[in-house]
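The values are calculated or read from the model by the stated rules, or taken from the named source; none is laboratory data. For clarity, every value in this text was computed on a predicted model and none was experimentally measured. As a convention, Cβ positions derive from the backbone with ideal geometry for all residues, glycine included, and neighbour counts pool all protein chains shown.
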Amino acid sequence: MAKKEDIVETAKKVAVKAAEAVLEKASEAVAEVKEAMQEAVKEATTPVITPEMAKIPAGPLELKWTNYKNHQKLVNPANKRRLDIIVVGTGLAGASAAASLAEMGFNVLNFCIQDSPRRAHSIAAQGGINAAKNYQNDGDSVYRLYYDTIKGGDYRAREANVYRLAEVSNSIIDQCVAQGVPFAREYGGLLDNRSFGGAQVSRTFYAKGQTGQQLLLGAYSALSRQIGKGKVKMYTRYEMLDIVMIKDENGEPRARGIIARNLVTGRIERFFAHAVVVGSGGYGNTFFLSTNAMASNGSAAMQMYRHGAYFANPCYAQIHPTCIPKHGDFQSKLTLMSESLRNDGRIWVPKKLEDAKRLQAGEIKGRDIPEEDRDYYLERRYPAFGNLVPRDVASRAAKERCDKGYGVNNTGLAVFLDFSEAIQRLGKDVVAQKYGNLFQMYEKIVDENPYENPMMIFPAIHYTMGGIWVDYELQTSVKGLFCIGEANFSDHGANRLGASALMQGLADGYFVLPYTIQNYLSDQIGVPRMSTDLPEFAEAEKHVQEKIDKLMAIQGNRSVDSIHKELGLIMWDFVGMGRTAEGLKEGIKKIDAIKKEFWTNVYIPGEANHLNNELEKALRLADFIEIGRLMAVDALHREESCGGHFREEYQTPEGEALRQDDKFSYVGCWKYMGEDKEPQLIKEPLDYEFTERKTRNYKN
Ligand SMILES: Cc1cc2nc3c(=O)[nH]c(=O)nc-3n(C[C@H](O)[C@H](O)[C@H](O)COP(=O)(O)OP(=O)(O)OC[C@H]3O[C@@H](n4cnc5c(N)ncnc54)[C@H](O)[C@@H]3O)c2cc1C
């Protein structure tokens, strides 16, 4: 029989254990409550941007823009001559804005990095530009273009802006035709259209596979006319390195100029203007490998951000499904095969894993696989839209097949885009007429004839829907600083439908900014031209010079590109097509380490006061590192999957994106709080007044 003391001792132990367990549970509960309270406090104290602050006009959706134009303030012609506007960028957004503002009578100073405005990245755009003309009589309308764009963006865009975009889309086509842009025409002479992803109508106007080039030539001719008339002063091979802020009589800082580096001489120069407009393009090159032009960068956006302009939705990055797969480690560029190819090309992988393995080993070609053994997975999964599902859906579906082992090239990271059926149906000549230059480009890069063997494609970083936050007037949260084109957070929500970027850039430049900027400038007519000798200009120039000196002094062991490539790999692996909380946290740590490595070990040859490509790249990389981190921070906080932002924790059983409308239906804006400090979140709620939010469905 157990002794009494033993029993007491055991009972004591049991009691202590039980008490410990209760304590543990209690402290867990306390921690949970504490966390919930912190979340609630955070939620309650997160600043909010109201529709009034975003200057969204009241009234019915279809009358907002008309009402705005009827009541906005204007600047009379005599006063326009007294006002200077800086436009940074000569892509479709910048060139169209500079030409329009000059034509209206303002004095414009226009800057670009390239040696000619015509070389802006916009020239690369291939597929087309959307407009709701309904030339095909297939049921299109302004409302339908609006609806497709809102839905395609996964209900994360502002209703009023998207409606305005759809409304002015038709004017863009008229404007460009009047300029002589050679859009493709049908046999009878009418403008032709083709279909792009996310739409069931044909509304895409195109000029073979060179739409961006032809549109840019149109904008460039309008710009050249104003350069000839002396209304635009053109500064090519100049890179803006900072924005100059000067306080007004109420102590409010306003954008009053820029500091730019002459890329040929290395000289730092100062420029004054009454307002600054930035159309500097997207930041997709944060990933190193992307379809963007090599000079595309996010530095102008970061300069705006550091001066108080909010960076909105940085994590929304579009991965384009039809790019030529990566072929080696020494590659610096990825090539897009236009989405227009999805009109006639059919996407597939083998049904059988053994066929995929033989393709990967190079033992067979795509054409050797019989029809019954091909899996047209987009047509199978999304019968209503088939190969024309939006880009985010098509990209994830390709990744899913490749992750399961069905990839068709040596890396296992490619799917087929096959024209054999189209060639049979239409004939080789018709296919060549429509897509000839793209086929030629493919053959030159891959060394394989796409008429004979299906093309291989894989998703790649292509477009950034995130960017600088702007109100309905395209003004940032900084007075006098406007942002247009891909550089702003734009009208595409979490995913851009194909052929909508050209539409947005030209809408901003030709038809929106020329109105809205007057509302700001009408109060500025009494502001005299300011001297660039003012201390604010001197101070801004000093900061720029110090940054350059700091970079030049490092003289480390790593080339700029080698560090950029490492950043790109981190971005692709941790902030890429599929993101997780764990991966994003890891990614942030790695980006912080890259930042340290860059600022202690980069090597920039040559001198600062000469032409120096490596210095240019280093200055841009310093900002890509910051943007990469901001993207990861934003992606981590957005606990949902929407459009180009896919969090693996939030998906349906079929692997589709799962939004959390009750928690994340807002624009996530980030405010700069200082070097190495965490940015502050500010929300612009997206209350859908006119559109019912649905789960996106491209199946039926
Ligand atoms: C390969 C490819 C194909 C595409 N095809 C299509 C398509 O078919 N349809 C469609 O709608 N969209 C398409 N897009 C997207 C579209 O081309 C871009 O979103 C759009 O052209 C961006 O125009 P932008 O004027 O905003 O900027 P960009 O054309 O990128 O111009 C940026 C300008 O800013 C200047 N700049 C940048 N930083 C500075 C600085 N610090 N100082 C001075 N100047 C600066 C540059 O020199 C340049 O002039 C495509 C994109 C790619 C990559």
Exercise. Can you tell me which residue in the range 86-125 is farthest from the ligand (Cβ to nearest atom), limited to those that are more than 23 Å from the chain's Cα centre (by Cα) and of a type in the set (S, T, N, Q)?
Worked result: Asn107
For this session: Please specify each residue of the range 659-700 satisfying the condition of being surrounded by fewer than 12 Cβ atoms within 10 Å (Cβ to Cβ) and more than 22 Å from Ala44 (Cα to Cα).
Result: Gly674, Glu675, Asp676, Glu689, Glu692, Lys694, Asn697, Asn700
For this session: Kindly provide the set of residues from the range 96-120 that are under 20 Å from Phe271 (Cα atoms) and either in a helix (DSSP H, G or I) or modelled with pLDDT under 95 (or both), ordered by number.
Result: Ala97, Ala98, Ala99, Leu101, Ala102, Pro117
For this session: With respect to Thr516, determine if the residue is among the hydroxyl-bearing types (Ser, Thr, Tyr), touching a residue at least 12 places away in the same chain (Cβ under 8 Å), away from the ligand (no atom under 12 Å from the Cβ) and part of a helix (DSSP H, G or I).
Result: yes
Exercise. Do we have any residue at all in the range 495-511 that's surrounded by 24 or more Cβ atoms within 10 Å (Cβ to Cβ), more than 16 Å from the ligand (Cβ to nearest atom), of a type outside the set (Lys, Arg) and in contact (Cβ under 8 Å) with a residue 40 or more places away in the chain?
Worked result: no
Seminar exercise, completed: The lone condition Glu400 fails out of (1) in contact with a Ser or Thr (Cβ under 6 Å, 6 or more places away or on another chain); (2) away from the ligand (no atom under 13 Å from the Cβ); (3) part of a helix (DSSP H, G or I) is (1)
For this session: Looking for whichever is farther than 14 Å from Lys617 by Cα, within 14 Å of the ligand (Cβ to nearest atom), free of Cβ contacts under 8 Å to residues at least 40 places away in the same chain and over 21 Å from the mean Cα position of the chain (by Cα) here; the options are Glu249, Glu269. Which one fits?
Result: Glu269
Problem set entry | Residue pairs meeting the criteria (Cβ under 8 Å; at least 6 apart or on separate chains; first over 7 Å from Ala312 (Cα atoms) and part of a helix (DSSP H, G or I), in the range 660-674; second at pLDDT 95 or above and among the hydroxyl-bearing types (Ser, Thr, Tyr)) | Asp661/Tyr155
Problem set entry | Contacts under 7 angstrom Cβ, first residue in the range 116-144 being under 19 Å from Thr90 (Cβ atoms) and charged (D, E, K, R), partner within 16 Å of the ligand (Cβ to nearest atom) and not in a loop (DSSP other than H, G, I, E, B), 6 or more apart | Arg118/Leu216; Arg118/Leu217; Arg118/Tyr220
Exercise. Are there any pairs, at least 6 apart or on different chains, whose C-beta atoms fall under 6 Å, with the first in the range 458-479 and farther than 30 Å from Gly405 by Cβ and the second assigned to a strand (DSSP E or B) and polar (S, T, N, Q), and if so, which?
Worked result: Gly467/Asn488; Ile468/Asn488; Val470/Asn488
Problem set entry | Of residues in the range 206-247 being aromatic (Phe, Trp, Tyr) and not in a helix (DSSP H, G or I), the one modelled with the lowest pLDDT | Tyr206
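Go through Leu92, Leu61, Leu74, Leu101 for me and flag whichever is among the aliphatic types (A, V, I, L, M) and surrounded by fewer than 16 Cβ atoms within 10 Å (Cβ to Cβ). Spell out the reasoning first.
On the way: Leu92 fails: surrounded by fewer than 16 Cβ atoms within 10 Å (Cβ to Cβ); Leu61 fails: surrounded by fewer than 16 Cβ atoms within 10 Å (Cβ to Cβ); Leu101 fails: surrounded by fewer than 16 Cβ atoms within 10 Å (Cβ to Cβ).
One residue alone meets the criteria, Leu74.
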Seminar exercise, completed: Checked pairs for the range 36-49, first under 16 Å from Pro679 (Cβ atoms), second acidic (Asp, Glu), C-beta under 6 Å and 6 or more apart or across chains, list as Ile49/Glu684
Problem set entry | Residues that are surrounded by 14 or more Cβ atoms within 10 Å (Cβ to Cβ) and free of Cβ contacts under 8 Å to residues at least 60 places away in the same chain, drawn from the range 543-560 | Ile554, Gly556, Arg558, Ser559
Exercise. How many residues are part of a loop (DSSP other than H, G, I, E, B), modelled with pLDDT of 85 or more and near the ligand (Cβ under 8 Å from one of its atoms) if we restrict to the range 327-341?
Worked result: 1
